[in-house]
Amino acid sequence: MNEKAQSNRGNRSRIINVYKKALAGETVTVGFLGGSITQGCAATSYDKCYAYKVFEWFKRSFPLSDVKYVNAGIGATDSQFGCARVEEDLLSKKPDICFVEFSVNDEATEHFHETYEGLIRKILSSDPGRALMLIHNVRYDDGGSAQLIHSKVARRYQVPSVSMRDVIIPELESGRLDNKTITGDNLHPNDAGHEMVSRIIISVLEDIKEHMNEAEPAEKEFPAPETENSYETSVRYRNDNSGGIIAGVSGFTEDNLPQDVITDIFRKGWTATEKGSYIMFKVKGSCIGVQYRRTIKKPAPVATLTVDGDKISAVELNAEFDEDWGDKLCLCTALEHGENKEHTVRIELTQTHEGDVLPFYLVSIIVSGN
């Protein structure tokens with residue numbers, strides 16, 4: 001299984017060094033960054049999630065080490081948001097090894113090639129000893145995944161990566177495995193599915209451990225980026241760090257309720273209910289994203305975003321969400337590869353309804369490329 005699972009063998013030296021540290025009885029922190037599968041959606045409890053099961057393997061395999069666990073999974077998020085939050089949500093916890101999982105949330109486009117590369121560069125350059133493994137999950141009905149795009153990044157940076165598609169899809173296609181036994185919606189693994197995902201990852205981790213005393217080539221020099229790589233420098237602004245960039249505000253108020261966990265996603269932002277309310281930011285960079293709440297509770301307000309007063313390219317931020325699984329933290333790209341200079345971003349509430357259930361919620365502004 002581990003041969004099929006290894007979509008890229010990569011350079012194993014960083015992972016081997018983590019094993020050696022754990023075998024010596026030193027503390028090791030295992031961290032995970034990803035979307036809803038990493039968060040553990042559809043698992044019946046947190047300890048049934050694949051991430052926790054991989055953490056348990058580290059504890060079993062290295063009993064002398066105090067192994068710590070960090071799960072930075074947030075549902076319905078992608079590598080573009082990952083670039084902006086990886087420092088606060090994961091790297092600040094000083095993980096020795098990181099597992100990154102975004103292959104069913106990213107699309108197989110050049111945009112996500114660039115955001116994924118930025119994220120991988122950010123993790124690898126954060127600490128020369130920090131190990132990284134990439135997890136390529138898959139849709140169980142059509143085999144959908146951004147694995148091909150993500151694998152280009154894995155090969156360029158010699159990062160070991162594990163493919164669910166290469167192991168699971170052939171079993172489904174042959175009829176040896178029924179997708180109903182591992183998923184309820186063809187996307188999120190159930191308990192049995194999380195167990196399967198964890199075993200596939202662990203098969204690779206065990207293979208590395210079995211051969212850890214064999215000579216491993218030295219890492220190659222850190223390569224230049226293959227894409228424009230605007231997103232490696234992403235900065236996320238919320239109401240607790242945006243004082244220097246707010247250029248004007250009317251009708252938008254700060255949400256100062258505490259954010260106890262990272263999955264409490266609608267915190268530290270701004271709300272507005274009255275048509276004509278606006279908030280303006282002055283930010284420097286070449287790419288600008290905005291995060292806002294889309295809600296299943298209808299009707300909901302609509303806002304309009306303009307960059308540098310360009311109404312022709314204005315972006316509509318419709319807070320109504322047509323899915324039924326819950327409110328979504330939506331990330332909209334308002335500017336990509338624009339001029340690297342100071343830009344004025346204006347968000348104005350342009351449509352409200354008498355029966356609006358919730359206010360418009362602006363979560364953050366993400367600026368990249370400076």
Taking the residues in segment 268-295 that are under 23 Å from the mean Cα position of the chain (by Cα) and outside any strand (DSSP E or B) as candidates, determine which candidate is surrounded by the fewest Cβ atoms within 10 Å (Cβ to Cβ). SER286
Against the condition crowded, with 17+ Cβ neighbours inside 10 Å, of a type outside the set (Val, Ile, Thr) and assigned to a loop (DSSP other than H, G, I, E, B), how does ASN105 come out, does it pass? yes
Give the residue, chosen from PHE99, PHE55, PHE81, that is aromatic (Phe, Trp, Tyr), part of a strand (DSSP E or B) and touching a residue at least 24 places away in the same chain (Cβ under 8 Å). PHE99
Which one of these is among the aliphatic types (A, V, I, L, M), in the same structural domain as GLU254 (by TED's automatic domain parsing) and within 23 Å of GLU107 (Cα to Cα): LEU317, LEU305? LEU317
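From TYR116, TYR69, which residue is farther than 19 Å from ILE265 by Cβ and assigned to a strand (DSSP E or B)?
Working: TYR116 fails: assigned to a strand (DSSP E or B).
Of TYR116, TYR69, the one residue that is farther than 19 Å from ILE265 by Cβ and assigned to a strand (DSSP E or B) is TYR69.
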Consider only pairs whose beta carbons are under 6 Å apart and that are at least six residues apart or on different chains; among these, list those whose first residue lies in segment 22-48 and is of a type in the set (D, E, K, R) and whose second residue is buried (at least 17 other Cβ atoms within 10 Å of the Cβ). LYS48/HIS194
Which numbered condition GLY326 fails, given (1) on the phi > 0 side of the Ramachandran plot; (2) touching a residue at least 40 places away in the same chain (Cβ under 8 Å); (3) out of contact with any strand residue (DSSP E or B) (no Cβ under 7 Å at 6 or more places or on another chain); (4) among the small types (Gly, Ala, Ser): (2)
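Quick one: which strands (runs of 3 or more DSSP E) lie wholly within segment 129-240 and hold at least 3 residues that are in contact with a helix residue (DSSP H, G or I) (Cβ under 9 Å, 6 or more places away or on another chain) and of a type outside the set (Asp, Glu)?
131-136, 161-163
Which one of these is exposed (fewer than 15 other Cβ atoms within 10 Å of the Cβ), on the phi < 0 side of the Ramachandran plot and not polar (S, T, N, Q): ASP356, ASP310? Step through it out loud before you land on a result.
Numbers: ASP356 fails: exposed (fewer than 15 other Cβ atoms within 10 Å of the Cβ).
Testing whether each residue is exposed (fewer than 15 other Cβ atoms within 10 Å of the Cβ), on the phi < 0 side of the Ramachandran plot and not polar (S, T, N, Q) leaves just ASP310.
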So, in segment 21-36, of the ones that are under 11 Å from VAL67 (Cα atoms) and in a loop (DSSP other than H, G, I, E, B), which residue ends up nearest to the chain's Cα centre (by Cα)? THR27
Please state which of the following conditions ILE265 fails to meet, knowing it meets all the rest: (1) buried (at least 17 other Cβ atoms within 10 Å of the Cβ); (2) among the hydrophobic types (A, V, I, L, M, F, W, C); (3) free of Cβ contacts under 8 Å to residues at least 60 places away in the same chain; (4) in a loop (DSSP other than H, G, I, E, B). (3)
Return yes or no: is PHE360 touching an Asp or Glu at 6+ places or on another chain (Cβ under 7 Å) and aromatic (Phe, Trp, Tyr)? no
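Would you confirm whether or not segment 311-320 contains a residue that is modelled with pLDDT of 95 or more, hydroxyl-bearing (Ser, Thr, Tyr) and within 30 Å of SER126 (Cα to Cα)? Show your work before the answer.
Of the residues in segment 311-320, the ones modelled with pLDDT of 95 or more are 311-320.
Of the ones still in play, those that are also hydroxyl-bearing (Ser, Thr, Tyr) are 313.
Restricting the remaining residues to those that are within 30 Å of SER126 (Cα to Cα) gives none.
Checking segment 311-320: not a single residue is modelled with pLDDT of 95 or more, hydroxyl-bearing (Ser, Thr, Tyr) and within 30 Å of SER126 (Cα to Cα).
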Considering only residues that are surrounded by fewer than 19 Cβ atoms within 10 Å (Cβ to Cβ) and either among the basic types (Lys, Arg) or not assigned by TED's automatic domain parsing to the domain that holds GLU88 (or both), which ones fall in segment 12-69? LYS20, LYS21, LYS53, LYS59, ARG60, LYS68
LEU331 versus (1) closer than 23 Å to VAL86 by Cβ; (2) buried (at least 22 other Cβ atoms within 10 Å of the Cβ): which is the lone unmet condition? (2)
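The values are calculated or read from the model by the stated rules, or taken from the named source; none is laboratory data. Fair warning: this is a prediction, and the values are worked out from it, not measured in the lab. Virtual Cβ from ideal backbone geometry, glycine too; neighbours counted across all protein chains shown.
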